[in-house]
Amino acid sequence: MKTIRGKLFIAFLGLVLIIFLILWLSMEFFIEPYYYRQKVTTMQKTIQQIETIIQVSPSPIDRIQDFEYLGYNFEGKISIYDAEAGIVISDEDVLKYSKGKIIKNIEVNGVKAYVLETNYPVKETRWLVYSERLSSDGVVMLQIPITAMDQTIEAISAFMNYVGIIILIIAMLMAGVISTNMTRPIKRLTLMANELRQLKFDVQYEEDRKDEIGELGATFNALATRLDATIKALQYELSKEKALDVLRKEFVAQVSHELQTPLSIIHGYIEALEDGVVESEEERKDYYKIIYEESDKMSHMIKDLLQLSELEAGTFSITKEDMDLKEFFDHIQEAYQTLLIQSDKSLHYKSLKTSVMFKGDRIKLEQAIRNILNNAIKYADKGSEIGFETSLVDRCVTVTISNAGPFIEDEDIPKIFGSFYKGKNSEGKEGTGIGLAVAGKVFDHHRISYFVRNTSDGVKFIIRFPLDEI
């Protein structure tokens, strides 16, 4: 049989049969010799006692009494003969139970005995006979009836034949039950493995077992759970990759549009200057100023693209140096205070009270902070105030940049620092959606934590500089 159930059935049945065969062989070939050996040993000890009685009891009458008592305990017959084969001491019926035929010779531990079959006291009575020479030149002969023992052994042998048939039937039934119980969970595990092969990872092995099969089932469950999680993660990554691909395409279209607009303006103004349409010097200066501003926009856009490309490719380098965060943030706010003078918006700045040293890339960190400030200013309501606050709490400098303006959709918040991402509320605003992505990656390189949340009237960015990173 090729199945595990069949092999277990045969193995269990074979084991039971082997055990029974050993028992049967023991009964058939070893019990009788063992019995004879025990009896001969008893006879030898009895003869030693006879020798002792002869030596310590000189009176024949005392000897006879001792021999009768010994024979009673011995459960056999004692006969003693002198050197001329004359009877010294014997049972009165010794001639009756001593006549018969020898049916078996026995040798135990180098001494010989034999089985004698007589017709006394009943027909086919069997005696185990053993004789030994005494130190007084006489011979002692001992006889023990063994007919009952032989009959018992024969009855047991016959009984074992019937028991063997019963044991065989019971063993077959038990082998079937045990093999079925042992292979049932294996079949379930096989079905479970087939389900896993078909990428169905929601299957579970539900039997509560404490043995090796239970451990295997638990391993299968862990494997199924792990594979299910892995497949879902891969599916998520694939969907994210597809979404990112869509964002890239939208980004390319957006960048193309963003570049096309200043290029068209620059091209139009240059043509106007070449054709002499602009006559006054003041108008020419205005045209040159517009051309410069549009080219500057293009320069910043291309710079952001190159930097984002370096960040994503892993070729972005950080040059860390000691920097005073108070002086660093004060410098940034001064630049924006000047920038917002001609704007309808204002900047509320809260400075650190003392100098705080941090190790970082000053240029790239300034660009990251500026990107977030630019984003806050871009989306702030007209005439509103942009918050720029810094504080030192528990070995951490926290920067909070806030504005009053449109909220960020909840579904957009986890994605706002992603590459090429522009939220739903960014429609109609200039930009490519890569400023925050660059800022996030710069912060990541410095192990600076950052997040964004909606407030009651706008949006708040929170950036935390850990001073333990110095």
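The values are calculated or read from the model by the stated rules, or taken from the named source; none is laboratory data. Since we're looking at a predicted model, the values are computed, not measured. As a convention, Cβ positions derive from the backbone with ideal geometry for all residues, glycine included, and neighbour counts pool all protein chains shown.
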Handout entry: Matching residues in the stretch 290-348 - criterion: being among the small types (Gly, Ala, Ser), part of a helix (DSSP H, G or I) and at pLDDT 80 or above
Key = SER295, ALA335
Exercise for the section: Looking only at the stretch 269-280, decide whether some residue is among the β-branched types (Val, Ile, Thr), out of contact with any Phe, Trp or Tyr (no Cβ under 9 Å at 6 or more places or on another chain), at pLDDT 85 or above and not in a helix (DSSP H, G or I). Expected result: no
Handout entry: Identity of the residue in the stretch 416-453, of a type in the set (Asp, Glu) and outside any helix (DSSP H, G or I), that ends up modelled with the lowest pLDDT
Key = GLU427
Practice task
Give ARG184, ARG188, ARG126 a once-over and let me know the one that is surrounded by 14 or more Cβ atoms within 10 Å (Cβ to Cβ) and farther than 30 Å from ILE103 by Cα.
Solution key: ARG188
Handout entry: Hey, GLN337 surrounded by 13 or more Cβ atoms within 10 Å (Cβ to Cβ), free of Cβ contacts under 8 Å to residues at least 40 places away in the same chain, over 19 Å from GLY435 (Cα atoms) and not charged (D, E, K, R) or not
Key = yes
Practice task
Could you identify the single residue in ILE170, ILE165 that is under 27 Å from TYR34 (Cα atoms), surrounded by fewer than 16 Cβ atoms within 10 Å (Cβ to Cβ), more than 27 Å from the chain's Cα centre (by Cα) and not polar (S, T, N, Q)?
Solution key: ILE165
Exercise for the section: Could you check, for the stretch 347-356, whether at least one of its residues is closer than 21 Å to ASN454 by Cα, surrounded by 16 or more Cβ atoms within 10 Å (Cβ to Cβ) and of a type outside the set (Asp, Glu)? Expected result: yes
Problem - Which numbered condition VAL399 misses (of (1) without any contact (Cβ under 8 Å) to a residue 60 or more places away in the chain; (2) assigned to a strand (DSSP E or B); (3) more than 15 Å from GLY458 (Cα to Cα)) - result: (1)
Practice task
May I ask you to list the residues in the stretch 17-41 that are buried (at least 16 other Cβ atoms within 10 Å of the Cβ) and in contact with a strand residue (DSSP E or B) (Cβ under 8 Å, 6 or more places away or on another chain)?
Solution key: TYR36, LYS39, VAL40
Practice task
Just name the residue that is surrounded by the most Cβ atoms within 10 Å (Cβ to Cβ) out of those in the stretch 194-208 that are part of a helix (DSSP H, G or I) and out of contact with any helix residue (DSSP H, G or I) (no Cβ under 7 Å at 6 or more places or on another chain).
Solution key: GLU195
Exercise for the section: Quick one: which residue in ASP361, ASP344 is surrounded by 15 or more Cβ atoms within 10 Å (Cβ to Cβ), assigned by TED's automatic domain parsing to the domain that holds LEU436 and among the acidic types (Asp, Glu)? Expected result: ASP361
Problem - Output for the stretch 43-77, where each listed residue is of a type outside the set (A, V, I, L, M) and closer than 13 Å to GLU132 by Cβ - result: GLN44, LYS45, THR46, GLN48, GLN49, GLU51
Practice task
Consider ILE178 carefully, then state whether it is among the hydrophobic types (A, V, I, L, M, F, W, C) and in contact (Cβ under 8 Å) with a residue 60 or more places away in the chain.
Solution key: yes
Problem - Matching residues in the stretch 173-206 - criterion: being among the charged types (D, E, K, R) and more than 17 Å from the chain's Cα centre (by Cα) - result: ARG184, LYS187, ARG188, GLU195, ARG197, LYS200, ASP202
Exercise for the section: Could you grab me the full set of residues in the stretch 219-233 that are under 13 Å from the mean Cα position of the chain (by Cα) and surrounded by 13 or more Cβ atoms within 10 Å (Cβ to Cβ)? Expected result: PHE220, ASN221, LEU223, ALA224, THR225
Handout entry: Meets criteria (surrounded by fewer than 17 Cβ atoms within 10 Å (Cβ to Cβ), in contact (Cβ under 8 Å) with a residue 24 or more places away in the chain and assigned to a helix (DSSP H, G or I)) for ILE156
Key = yes
Practice task
Out of the residues in the stretch 365-396 that are within 49 Å of the chain's Cα centre (by Cα) and among the charged types (D, E, K, R), state the one that is nearest to LEU325 (Cα to Cα).
Solution key: GLU366
